[in-house]
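Structure first, commentary second.
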Amino acid sequence: MPIGIKDLLETKDMPTQMGCEAFRGNFPKRDNAAVWALREAGAVILGKTATAGARRISSPATTNPL
């Protein structure tokens, strides 16, 4: 099952920047528990969805990976 993950959840194979410039290039060493459970169940993480950073009212645009 293909799925997109909110950029607040850690993923070991792609950056988790939480919509914040301070976390630019942050590559966690492990998956968040929810991400891990999804992968164990057969989900394929295709990418991250945009997240509004601290002090932002709206989130940046999410682009379609296809």
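The values are calculated or read from the model by the stated rules, or taken from the named source; none is laboratory data. Every value quoted in this text rests on a predicted model; they were computed, and no experiment measured them. We place every Cβ from the backbone using ideal geometry, glycine too, and count neighbours over all the protein chains shown. SASA here: full protein model, heavy atoms, side chains in, ligands and nucleic acids out. Shrake-Rupley method; radii C 1.70, N 1.55, O 1.52, S 1.80 Å.
Taking the condition in a strand (DSSP E or B), open to solvent by less than 50 Å² (accessible area, probe 1.4 Å) and touching a residue at least 24 places away in the same chain (Cβ under 8 Å), does Gly19 pass? Taking the combined requirement at face value, the residue does not satisfy it. The set of residues in the range 1-16 that are open to solvent by 60 Å² or more (accessible area, probe 1.4 Å) and touching a residue at least 24 places away in the same chain (Cβ under 8 Å) comprises Met1, Pro2, Lys6, Leu8, Glu10, Asp13. Starting from residues that are more than 15 Å from Ile3 (Cα to Cα) and surrounded by 12 or more Cβ atoms within 10 Å (Cβ to Cβ), keep the ones in the range 33-63 and report whichever is modelled with the highest pLDDT. Per the criteria, the residue is Thr51.
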